[in-house]
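First the structure, in the form of structure tokens, and then the observations on it.
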Amino acid sequence: MTHAATDTALQTGSANLLLVLLKARTFIALILVFAFFAFAAPNFLSTANMVIMSKHVALNAFLAIGMTFVIISGGIDLSVGSIVGLCGMVAGWLVLYGIDLGLGWSIQFNTVEICLIVMGVGVLIGAVNAFLITKLNVAPFIATLGTLYVCRGAAMLFSDGRTFPNLNGNPEYGSDTFRLIGAGNVLGLPISIWMLIVVALIAAYIARRTPLGRYIYAVGGNERGAALSGVKVNRIKFFVYMFSGLCAALVGLIVSSQLVASHPATGQAFELNAIAAAVLGGTSMSGGRGRIGGTIVGAFVIGVLSDGLVMMGVSSFWQTVIKGLVIIAAVVVDQAQQKLQARVALQAEAGK
Amino acid sequence: MTHDIGLQIRGGTKVYPGTRALRGVDFDLRMGAVNVLVGENGAGKSTMMKVIAGVEQLTEGQVMMDGRPVQLNGTDDARRHGIGIVFQELNLFPNMTVAENIFINREITRGRIDIDMAAQREATRALMRRLEHDIDPDTMVGDLRVGQQQIVEIAKSLAQDARILILDEPTSALSAAEVEILFRVIADLKKQGVGIVYISHRLEELIRIGDYITVLRDGAITGARSMEGVDVDWIVRAMIGEASRDFAKEIDHPYGSEVFRAEDVTLPRPGGGLAVDHVSMTLRAGEILGVYGLMGAGRSEFLECVIGRHPHAGGRIFVDGKQLRTRTVAGRIRSGIALIPEDRKNDGLVQILSIRENMTLSSLGAFTTGFHMDLGAERGTVRDFVRRLTVKIASMENPVSSLSGGNQQKVVIGKALMTKPKVLLMDEPSRGIDIGAKAEVFRTMRKLAAEGLGIVFVTSDMEELMALSDRIIVMSNGRVTGDFDRKDATETLVIAASAKGHALTPLKEPAA
């Protein structure tokens, strides 16, 4: 009897340890990837490289944060890459031309106003997505696939497919600070990184400490059950798609500011990287499960992996293959963790 | 009359990581008889049946058929030995027709490639005649009522010509008339020498139909005998170790003033007609109102209208004499109405979330200032409700799906109570939970009523209805067909009212 008891205790103990390791797996993967490149790629650990890399990561991380909320709520947002492109073009247009009223009159904007308008555009497209999904009952995949095309086409129409160059702005209108979004530093860190930190903290706070966050999980876990519990399901969906649109707009601003130009093809396939980061971070595609922290780590794994491989001189074809394999491996491990977690919980409930 | 033993388990022990689901059970399955199996949820009934059906394998001990040990390593093995099972959860494909479902994985084919639809349809029709149900073989299973789906599931195992047939709670979704038909089919199968294992929580049903009874408690057999001389008290004693069915105990308390009134509630049925047809009722504080009716009488739909799930429902709802303007679920909950839905899994809980998160889902506002949620206060309240409702859990952070049915139900009740309702709507609150948990749920209902809550509960169980209700309303075909004070209500009156408007056709004798 005592034997059996210690046996079970041991089993439970090792299962718990394994579970902790599995839960931290993305983080462990990140450390391993870091360690590997620190050895394999010269200059990988230099400060300059770190800053460049985190700038790359930040772009994907923004989209992935928005995407995480959407996926937790049981949906998907394929339009974010196109929103990045469109918002970049809107920003470029506003910096270069302002809004032309005809008859030689035009309204010019300063940097803050431009940012607000562009963010408004992103939120509006998100609202359109949510409207299609909630009111017109279009499946999220299809609805956002539609807006993906529409937004990309609209971005092309802005400039007939050409690039808006030299977005230096005009000091007279107060738009010369536009470049700082992508190029400025505060306390040694790029502004875009600060923005990411703020957005990530807000998102994590929403997810864990607000009713809104709880409702997002509930809607993704069981929409009918959530509705019968008094959760305003449509409102929650509007929020997640609008938030995702907002994140995409921020990326559009940052990219065009960094490049001092906006190109209508910017952001192509960004949505797939965002989904990959979310999934890598443990977000379940069937909804109801995921964490902002996990997504950030996931975005870093993807970013570090691709930048590191570039530095090692691995061909971009192989990079793509490796990225795919990492994503699949992540989901396989995730499934193992789910099983183990369910077993430990069942044991705990049965054992008392 | 003696029956041959067709299948035996000897010293059957099944260990799951952390628990012993079966502890050295000796079970005899007699052919040409109904072997009844009872026990609380988690007593090991399902595990034992899964062993027989080849879904699970014993850790120790063996299964013997006709005196020889057999290895049942999968459902295929079991099927080869002539064992068929109807699981409690329906295993049907809603997107396929009745005939396709019945012959899934055993399709009648020409040359193993081309499915002979005509033959399958004909065989299905024959099965449906035998089950006395007029279900078209080409209907999509998803379009059938739950009761009809259960019939299809039974037909599926009949089609396999099983020598041993396991029925796990087959009547939980059937109406009284459908149950009668099923019982006739069972009697028929018995005559053909089929050994039937019958699992149910409805004790009267078991006594009526069973020839042998086996009672399980905590994975061990606490009673096994022929059904002769067995009564409900004996079963309950064997199940929970004491003769207690005290949910019938009356606590007398005065009723308050009217707390809830529904007037002319209507809900159109998809495809014409009314699912809820001008239903009105009133409820006083502290009163328990039982709503009885057959499947499809519109009881659940009525409760759903009250909670605001159907935005296009008509009628007026009053709480504390004030008419509610709001038509949303959230608004109705805020006005003091709470619903405990019939379908715990799909409507009541978010399985993937923790016990804590499920309990507070309807009342997060109480822990929130501005945007900020006080998780400490949340945990405290949950702890409080877990204690009050005696929910047995190891940790409130575990997923709610790891709990037994009875404890899940208590979580749902906790969620409803946290919204501080004045009116509690309960749809089949005892469905699918064991007798111990049932008694606790009923005690809780009595206590809540005594504290001044108004309760409307829907049930199909006559005994429950009579034991719990202060007043009884009977519905049939979407209408209220009876309104009795508990003192005046008799089972005959209630049943007569529940059949009104149904033109109860006398059941045909089975075709020879």
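Assorted remarks:
- Per the listing A:Ala227, A:Ala218, the residue uniquely within 8 Å of chain B (Cβ to nearest Cβ) and open to solvent by less than 20 Å² (accessible area, probe 1.4 Å) is A:Ala218.
- Test: residue in the range A:196-205 that is assigned to a helix (DSSP H, G or I), within 11 Å of chain B (Cβ to nearest Cβ) and surrounded by fewer than 20 Cβ atoms within 10 Å (Cβ to Cβ): yes
- Taking the range A:238-250 as the range and being within 22 Å of A:Gly294 (Cβ to Cβ) and open to solvent by 10 Å² or more (accessible area, probe 1.4 Å) as the test, the residues that pass are A:Phe239, A:Phe243, A:Leu246, A:Leu250.
- Considering residues of the range B:315-346 that are closer than 24 Å to B:Arg145 by Cβ and open to solvent by 20 Å² or more (accessible area, probe 1.4 Å) only, the residue farthest from the other protein chains (Cβ to nearest Cβ): B:Glu342
- Scanning the range B:375-394 for residues that are closer than 25 Å to A:Gly287 by Cα and either in contact with a Ser or Thr (Cβ under 8 Å, 6 or more places away or on another chain) or more than 12 Å from chain A (Cβ to nearest Cβ) (or both) yields B:Glu378, B:Arg379, B:Val382.
- Filter result for B:Ile85 (assigned to a strand (DSSP E or B) and surrounded by 15 or more Cβ atoms within 10 Å (Cβ to Cβ)): yes
- The residues on offer are B:Met117, B:Met140, B:Met128, and the sole one that is buried (at least 17 other Cβ atoms within 10 Å of the Cβ) and free of Cβ contacts under 8 Å to residues at least 60 places away in the same chain is B:Met128.
- Among the conditions (1) out of contact with any Asp or Glu (no Cβ under 6 Å at 6 or more places or on another chain); (2) not in a helix (DSSP H, G or I), A:Ser106 misses just one, which is (1).
- Enumeration of residues in the range B:151-175 that are out of contact with any helix residue (DSSP H, G or I) (no Cβ under 8 Å at 6 or more places or on another chain) and outside any loop (DSSP other than H, G, I, E, B): B:Glu153, B:Ser157
- Wholly within the range B:393-470, helices (runs of 4 or more DSSP H) carrying at least 1 residues that are β-branched (Val, Ile, Thr): B:405-418, B:435-450
- Looking only at residues of the range B:356-369 that are out of contact with any Gly (no Cβ under 6 Å at 6 or more places or on another chain) and more than 9 Å from chain A (Cβ to nearest Cβ), we find that the one that is modelled with the highest pLDDT is B:Arg356.
- Lone unmet requirement of (1) under 26 Å from A:Glu223 (Cβ atoms); (2) open to solvent by less than 40 Å² (accessible area, probe 1.4 Å); (3) more than 14 Å from every other protein chain (Cβ to nearest Cβ); (4) among the polar types (S, T, N, Q) for A:Gln337: (3)
- Candidate set from the range B:459-512 (those that are open to solvent by 40 Å² or more (accessible area, probe 1.4 Å) and among the basic types (Lys, Arg)); member that is modelled with the lowest pLDDT: B:Lys508
- Evaluation of A:Ser192 against (1) closer than 26 Å to A:Gly85 by Cβ; (2) at pLDDT below 95; (3) open to solvent by 30 Å² or more (accessible area, probe 1.4 Å) (one fails), failing number: (3)
The values are calculated or read from the model by the stated rules, or taken from the named source; none is laboratory data. None of the values given here were measured: they were computed from a predicted structure. In this analysis, Cβ positions are derived from the backbone assuming ideal geometry, glycine residues included, and neighbour counts consider all displayed protein chains. Calculation scope for accessible area: heavy atoms of the full protein, side chains included, ligands and nucleic acids excluded. Shrake-Rupley method; radii C 1.70, N 1.55, O 1.52, S 1.80 Å.
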